[in-house]
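Since every read-out is calculated from the coordinates, none of them should be taken as a lab result. In this text the structure is predicted, and so the values were computed from the model without any measurement. Here the Cβ positions follow ideal geometry from the backbone for every residue, glycine too, while neighbour counts run over all protein chains shown.
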Amino acid sequence: MTSQQIRQQFLDFFESKEHLIVPSAPIVLKDDPTLMFSNSGMTQFKDYFLGYKTPKSPRISDTQKCLRVSGKHNDLDDVGRDTYHHTMFEMLGNWSFGDYFKKEAISWAWELLTEVYGIPKENIYVTIFEGDASENLERDQEAYNFWKEHIDESRIINGNKKDNFWEMGDSGPCGPCSEIHVDLRTAEEKAQISGLDLVNNDHPQVVEIWNLVFMEFNRKADGSLERLPAQHVDTGMGFERLCMALQGKSSNYDTDVFTPLIAKVEALSGKKYTGILEDEKDIAIRVVVDHIRGVSFAIADGQLPSNGGAGYVIRRILRRAISYSYRFLGMKEPFLYQLVEVLNNQMGGFFPEIRKQRTLVSEVIKEEENSFLRTIETGLVRLDNIINETLKKGQKDLPGEQVFELYDTFGFPADLSRIIAEEKQLTVDEQGFEAEMAKQKQRSKKDSAAKVYDWVVLEERPETFVGYDQMAAETYITRYRKIENKDGEFYQIVLSQSPFYPEGGGQIGDTGVLIPSYAPHFDISQPDMYNIKDNPDVIQVLDTKKENNLIVSLINELPKDAGAVFYAKVEAKNRRNTQANHSVTHLLHEALREVLGTHVEQKGSFVGPEYLRFDFSHFSKMTEQELALVEEKVNAKIKENIVLEEHRSIPIAEAMERGALALFGEKYGDSVRMIQFGTSRELCGGTHVKSTGEIGHFKIISESSTAAGIRRIEAISGDKSAEYFKNLETQLAELSRVLKSKDLAKSVEKLLSENAALKAEVESLKKEKAQSETANWKNDFTEQNGKKLLVKKVSLEAGSVKDIVFQLKKEVSNSITVIISDAGEKPMITVGVSPDLEGQYHAGNIVKELAKEIQGGGGGNPGFATAGGKNLAGIDQAVARAMEL
């Protein structure tokens, strides 16, 4: 049975049990502050468990892409070293939202495994929650009784809180669970030791394949448990482990989930995979084929590698794969990107995002490979300097802080430092390395640490967003909670009617004020007449975000009467400028597709009051003509004053039929909001102008690259655009005054011509000086064994030194010239070897050796070479070393 058939049989089975089959949510999360990635099948249904949203069906089934590489569930370090841990994996699941519970979940799991998939009943063990006195939780006797109907009691095992009480994170929905384990050992192995003793003991052939979670509780921020409004079922079966069990394999990597990828790695690297657990080559291959899946799907879902947040995690996974392939597969050139097409052939039919985005994914991975391989090469030079310094001092340990700096600042793998050190009969000062690592973790913890208290519910009122239609509203605070972080103490509030737009879709969150009805002289019928400046009762709204379907506004103090009536008012100027920039991104997107082609897709954006940033897929730098044409098209739409057509609740199928653009990586419901300006149609939740004329004018400020295949435009509109041209006008007027001319182009051309003539005169004087120095230096050569050596420390710039060295090479036979200059901020070494000595000496090799003294590098040919460095203090050592050589 192939993996595709196994997946389909699961979904068909639960469809027969009246479950709605839904697609996988994106692997990258955007509106959940507690998680970066979907780390379990239940993540996309979290709002249903908490009661924030109503599910489309009380019974749902799916296969969800998951990534476990950060936070509480982090399997990264295990990947490659065993046969069953993965970064990305598929979680097959069936869900009940207040419908069926333990009896049906257990019965159907048994039916599917034993009757549909045909797993022998004697190979199955199950666990149940044994209870936990510290939390006043009793043994799950109910689950035990239902399991007894299907399996012998001797195969039902009590499990502790760690194994049998499932929690998504430090807070959120949770409950007791019942795990299903399969014993895949041979009959001989089973005769030697009972599977009962191997369950949950990390045996590679006695593995958990399915977890039935019975959601009954919500873990609050203070660690306490409260009952959920309804009982739910959340099950998750590891697809890769199931394939291993059904295909009769002893390793996930031997199934057809991974074998096509392994075959491609073998073909590209020339290394044969043997499946040996401890073999570093095999570990590297497992790391590569695992990591390429997680990285590829993350990029396809919209998360590019970067230096922060979720992007940093993706970059770290990719660099781990590159490092392993560099060290153990001998891959010194990019090759991982070639695995994307194999992944597309395997999974593109079921996950269309990888098919549609495969070109972008492979280009991004290729660029990341090139970049990190350059980092490794640079790191090798730095490590070589550290090793030489250590050997000079007669020490055996590489300084831990320097190895950590290589790892932390330059991204050079610490394991690679250790391996190279061992080759030189050295070790790394692990104590010093770990001390630096601890300091860095402490810094990161201090920067990110925040204490979040539980919500205090004031009133059970409907909580709605009214900001599409009004900039202010009479409202109540329905709930609040305190937050403490490195910046101080703040409060988050939720309003019954909120005009504040929450950050999302690239648009920043609204700021504004809350004016309480108890404020002196405040008339709620005429709030605009009230002077809010310096009034102590007015609460500043600092930011607004969306969390678990709640619109959450941030304030720095709690009102003295939180239960009062409030008047919530958005900061109007910022909102107007922001929504103008948001609307213009839609016009920009359409114009880019018209000018460059329909391959252009939005890949990210930032929309604020000052400027807009728009990232899009395109594989070459835009020309000046293309940029001008895009600007022209956008401004033409602005001048047309096209009226906004807003469809707030339209079936997604209808919106797509009308030609609406949807962004990959976004999760859309059955009903969506479509924004239309003429022929521009996009699915969007942001705020917009009522007509394009409100935008005023659009101006592109810059176009650049952010990653392979991703271009970025930064632009301004409205007030900022007018301000830009006003500043330009002022600068031109000032230039006219300084140059005393109205014809600026002619005046500048004249200046450039005069400057060029002066530069030529300076160069001529430099050459004269060089010739003079050459004549003087000829007498400074020292002679030994018929060969002449000149080593000089000077303060001349590079061009003059080069001229002198070439002249001396020509005029002084059997000579080697070494000039070390400190003319600039950085030292420079220049080496010349006369033609008659080039067979015996190599200038490039000499300069590389000397460059170590100034912490630099360089090279050249046998007759001439240069090197730059950063350590001016090493010049004297370089001079002495040159004399030695």
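Worth pointing out:
- Between the range 183-235 and the range 799-860, the alpha-carbon centres lie 68 Å apart.
- Relative to the globular-protein estimate of 2.2 N^0.38 Å, the Cα radius of gyration of the range 334-426 stands at 1.55.
- Cα shape, the range 258-369, gyration tensor, a/c 1.5 rule: oblate
- Ranking Ala450, Ala472, Tyr501 by Cα position along the charge dipole of the range 357-501, where only Lys, Arg, Asp and Glu carry charges on their C-beta atoms, puts Ala450 farthest toward the positive end.
- Extended-chain gain in nm, criterion 0.36 nm per residue less alpha-carbon gap, Leu758 and Gln8: 262.3 nm
- Average Cα contact separation per residue, the chain, under 8 Å, 6 or more apart, as relative contact order %: 7
- Phi-derived couplings, Karplus 6.51 cos²θ - 1.76 cosθ + 1.60 at θ = phi - 60°, listed residue by residue for the range 114-127: 8, 9, 7, 7, x, 6, x, 4, 6, 8, 10, 10, 10, 10 Hz, with x used for Gly and Pro.
- Charge-dipole axis of the chain as Lys and Arg at +1 and Asp and Glu at -1 on Cβ define it, positive-most pick from Ser194, Leu789, Thr598: Leu789
- Top positive-direction residue, dipole computed over the chain with Cβ charges, set Ile829, Val570, Ser764: Ser764
- Loop sites in the range 496-551: trypsin sites (Lys or Arg not before Pro), DSSP, at most 11 other Cβ within 10 Å: Lys533
- Gyration tensor over alpha-carbon atoms, the chain, equivalent ellipsoid semi-axes in Å: 56, 43, 26
- Each residue of the range 796-808 is assigned a 3J(HN,Hα), and the resulting list reads 9, 6, 4, x, 5, 4, 4, 4, 5, 4, 5, 5, 5 Hz, derived from the Karplus form 6.51 cos²θ - 1.76 cosθ + 1.60 (θ = phi - 60°), x at Gly and Pro.
- Ranked by the mean number of other Cβ atoms within 10 Å per residue, highest first, peptides 390-403, 801-814 order as 801-814, 390-403.
- Rounded to the nearest 20 debye, the dipole magnitude of the chain is 2620 debye, with +1 charges on Lys and Arg beta carbons, -1 on Asp and Glu beta carbons, and the Cα centre as origin.
- Near Leu137, the amide H atoms lying under 5 Å from its own belong to Asp132; only residues 5 or more places off or on other chains count, and H is placed 1.01 Å from N.
- Net dipole in debye of the range 780-885 [+1 Lys, Arg Cβ; -1 Asp, Glu Cβ; about Cα centre; nearest 20]: 160
- Using the Karplus relation 6.51 cos²θ - 1.76 cosθ + 1.60 with θ = phi - 60°, the per-residue 3J(HN,Hα) values for the range 580-596 come to 5, 5, 5, 4, 5, 5, 5, 5, 5, 4, 5, 5, 4, 5, 6, 7, 9 Hz, with x marking Gly and Pro.
- Most to least packed among 323-329, 459-465, 61-67 [average Cβ atoms within 10 Å]: 61-67, 323-329, 459-465
- With a Förster radius of 56 Å applied to the beta-carbon distance between Val748 and Asp170, the computed FRET efficiency rounds to 0.35.
- Legend: P(r) of the range 3-249 from all alpha carbon pair distances, 10 Å bins from 0, whole percents, reading 7, 32, 39, 19, 2, 0.
- On Cα atoms only, tilt of 309-328 relative to the major axis of the chain in degrees: 60
- Angle between the chain longest axis and helix 875-884 axis [Cα atoms, degrees, rounded to 10]: 60
- Put simply, the amide H of Leu20, placed in the peptide plane, has neighbours under 5 Å in Arg59, Ile60, Ser61, leaving out anything fewer than 5 places away on its chain.
- Over the chain, DSSP H runs of length four or greater, each weighted -39,500 (n - 2.57), average out per residue to a 222 nm ellipticity of -12000 deg cm²/dmol.
- Each Lys and Arg contributes +1 and each Asp and Glu -1, all at the Cβ; summed about the Cα centre of the range 258-369, the dipole is approximately 40 debye.
- Both radii were evaluated on the Cα set of the range 774-884; the Rg over Rh quotient, with Rh as the Kirkwood radius, amounts to 0.93.
- Amide N proximity, the range 515-531 versus Tyr453 label position 7 Å along Cα-to-Cβ, cut-off under 15 Å: none
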